[in-house]
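A.B. asks: Shown below is the structure under consideration.
The values are calculated or read from the model by the stated rules, or taken from the named source; none is laboratory data. Model, not experiment: these values are computed from the prediction. FYI the Cβ positions are ideal-geometry reconstructions off the backbone, even for glycines, and counts take in every protein chain you see.
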Amino acid sequence: MTDFSGAPLRTVEVLGRTVAWSVTGAGPEPVVMVHGFGGDHLGWLLVQPQLASVATTHAIDLPGHGASSKDVGPGDPAFFAEVVLGFMDALGLASAHLVGHSMGGGVCIAAALARPDRIRSLTLLAPATLGSHANVAFVEAFIALDRPEQVRPLLAQVFADPKIISRQIEDLVTAYKRTPGVTEALRTIADALFRRDGTPKVTYRDRLGGLPMPVRLVWGEADRIVPVEAADGLPTNVVVTRVPAIGHAPHIEAPAAVTRAVRSAMGM
């Protein structure tokens with residue numbers, strides 16, 4: 001099985017579920033990359049090659065996403081953190097650097113809090129569990145999306161430059177939303193993450209200061225999904241990079257900035 005880039009897509013059993021992932025590079029540092037709500041491993045295609053000389057990067061599909069099983073259990077960050085740690089177990093990774101986007105950022109924080117001895121560093125891209133209001137109208141519209149013509153206007157909220165939305169991206173999102181079990185999985189996740197007003201049901205903001213590993217944040221100043229103001233007033237151990245004119249997906253719109261943050265977290 002391969003993704004549209006031609007890269008091999010592998011699978012492994014974790015917590016009784018099939019988890020798919022792609023691997024790039026052969027560097028000595030193990031990196032696990034965790035996408036956001038409704039995303040998958042393909043979101044990291046612009047970052048993985050830039051780390052190939054220093055890291056072996058594993059971009060996973062969380063349950064409910066991509067080619068992985070659609071059973072998301074309770075759908076909360078703690079569950080997905082178990083999946084990430086179980087994935088590391090399955091690959092024999094005693095420890096790894098974690099890179100997480102949006103919901104995936106919250107998952108990475110939860111994993112680091114649960115097993116700080118196993119996480120070498122955290123790089124978080126617009127994480128959704130820092131106490132800020134999320135754009136729940138976008139979340140609800142994505143869950144309800146069922147027609148191809150709805151995709152581009154919705155994704156235009158994610159990027160500062162909507163020209164980045166290719167027909168290929170539109171087709172991938174349409175196919176994903178038509179996959180059996182996806183709508184139910186996303187509904188479970190959204191209900192576990194957010195209240196009706198968009199505030200997170202789980203927040204790790206006050207616990208970041210106690211993390212022993214390097215923590216880097218990258219946030220687009222034009223983010224319309226999780227506002228960049230959530231990066232204000234964080235503990236001093238968290239190094240924040242704000243990127244002008246970039247939306248909610250800096251790993252797609254500003255991969256070089258994300259790569260620099262990951263390398264900095266890795267001490268390079």
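A.B. asks: Restricting attention to region 241-268, report how many residues are closer than 17 Å to LEU208 by Cα and without any contact (Cβ under 8 Å) to a residue 24 or more places away in the chain.
C.D. replies: Going through region 241-268 one residue at a time, the tally reaches 0.
A.B. asks: For region 186-197, give me each residue that is over 16 Å from SER102 (Cβ atoms) and touching a residue at least 12 places away in the same chain (Cβ under 8 Å). Talk me through it step by step, then tell me what you get.
C.D. replies: Going through region 186-197, the residues over 16 Å from SER102 (Cβ atoms) turn out to be 187-188, 191, 195-197.
Within region 186-197, ARG187, THR188, ASP191, ARG196, ASP197 meet the criteria.
A.B. asks: Quick check on this structure: which one of GLY92, GLY131 is over 17 Å from HIS35 (Cβ atoms) and modelled with pLDDT under 95?
C.D. replies: Values: GLY92 fails: modelled with pLDDT under 95.
The match here is GLY131.
A.B. asks: Consider PRO127 carefully, then state whether it is surrounded by 24 or more Cβ atoms within 10 Å (Cβ to Cβ), of a type outside the set (Gly, Ala, Ser) and in a loop (DSSP other than H, G, I, E, B).
C.D. replies: The answer is yes for PRO127.
A.B. asks: Separate question: Restricting the search to region 46-66, which residues are assigned to a loop (DSSP other than H, G, I, E, B) and either under 13 Å from the mean Cα position of the chain (by Cα) or buried (at least 19 other Cβ atoms within 10 Å of the Cβ) (or both)? Lay out the reasoning, then the answer.
C.D. replies: Step one: list which residues in region 46-66 are assigned to a loop (DSSP other than H, G, I, E, B), which gives 46-47, 52-54, 61-66.
Matches in region 46-66: VAL47, ASP61, LEU62, PRO63, GLY64, HIS65, GLY66.
A.B. asks: Please go through region 71-116 and give me each residue that is under 13 Å from the mean Cα position of the chain (by Cα) and among the aromatic types (Phe, Trp, Tyr), ordered by number.
C.D. replies: PHE80
A.B. asks: Taking into account only those residues within region 28-44 that are part of a loop (DSSP other than H, G, I, E, B) and under 13 Å from the mean Cα position of the chain (by Cα), which is surrounded by the fewest Cβ atoms within 10 Å (Cβ to Cβ)?
C.D. replies: In the first step, residues of region 28-44 are kept if they are part of a loop (DSSP other than H, G, I, E, B); the result is 28, 35-40.
This time we only want the ones that are under 13 Å from the mean Cα position of the chain (by Cα), so: 35-40.
Numbers: HIS35: 27, GLY36: 27, PHE37: 24, GLY38: 25, GLY39: 24, ASP40: 22.
Among those residues, the one meeting the criterion is ASP40.
A.B. asks: Just checking, does region 206-215 include any residue being more than 16 Å from HIS133 (Cβ to Cβ), at pLDDT 95 or above and in contact with an Asp or Glu (Cβ under 8 Å, 6 or more places away or on another chain)?
C.D. replies: Looking through region 206-215, none of the residues is more than 16 Å from HIS133 (Cβ to Cβ), at pLDDT 95 or above and in contact with an Asp or Glu (Cβ under 8 Å, 6 or more places away or on another chain).
A.B. asks: Let me ask another. For region 85-100, state whether one or more residues are touching a residue at least 40 places away in the same chain (Cβ under 8 Å), closer than 13 Å to VAL182 by Cα and assigned to a loop (DSSP other than H, G, I, E, B).
C.D. replies: The answer is no, given that none of the residues of region 85-100 is touching a residue at least 40 places away in the same chain (Cβ under 8 Å), closer than 13 Å to VAL182 by Cα and assigned to a loop (DSSP other than H, G, I, E, B).
A.B. asks: Applying the selection to region 236-257, what residues are surrounded by fewer than 15 Cβ atoms within 10 Å (Cβ to Cβ), touching a helix residue (DSSP H, G or I) at 6+ places or on another chain (Cβ under 9 Å) and part of a loop (DSSP other than H, G, I, E, B)?
C.D. replies: THR236, ASN237, ALA245, listed by residue number.
The rows are residues; the columns are (1) under 21 Å from GLY247 (Cα atoms); (2) surrounded by 17 or more Cβ atoms within 10 Å (Cβ to Cβ); (3) touching a His at 6+ places or on another chain (Cβ under 7 Å).
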{"site": "ARG167", "(1), (2), (3)": "yes, no, no"}
{"site": "LYS177", "(1), (2), (3)": "no, yes, no"}
{"site": "LEU186", "(1), (2), (3)": "no, yes, no"}
{"site": "ILE189", "(1), (2), (3)": "no, yes, no"}
{"site": "ARG196", "(1), (2), (3)": "no, no, no"}
{"site": "VAL202", "(1), (2), (3)": "no, no, no"}
{"site": "LEU208", "(1), (2), (3)": "no, yes, no"}
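A.B. asks: For region 189-200, state whether one or more residues are touching a Leu at 6+ places or on another chain (Cβ under 9 Å), closer than 20 Å to GLN157 by Cα and among the hydroxyl-bearing types (Ser, Thr, Tyr).
C.D. replies: no
A.B. asks: Have a look at LEU122, LEU186 and point out the one that is closer than 24 Å to ASP76 by Cα, touching a Pro at 6+ places or on another chain (Cβ under 9 Å) and at pLDDT 95 or above.
C.D. replies: That would be LEU122, the only listed residue that is closer than 24 Å to ASP76 by Cα, touching a Pro at 6+ places or on another chain (Cβ under 9 Å) and at pLDDT 95 or above.
A.B. asks: Being closer than 21 Å to SER166 by Cβ and either surrounded by fewer than 22 Cβ atoms within 10 Å (Cβ to Cβ) or among the basic types (Lys, Arg) (or both) is the filter here, so list the residues in region 258-268 that pass it.
C.D. replies: None; the set is empty.
A.B. asks: Also, I was wondering about something else. Criterion first (part of a loop (DSSP other than H, G, I, E, B), β-branched (Val, Ile, Thr) and either without any contact (Cβ under 8 Å) to a residue 60 or more places away in the chain or under 18 Å from ALA190 (Cβ atoms) (or both)) does VAL107 satisfy it?
C.D. replies: So VAL107 does not fit the description; no.
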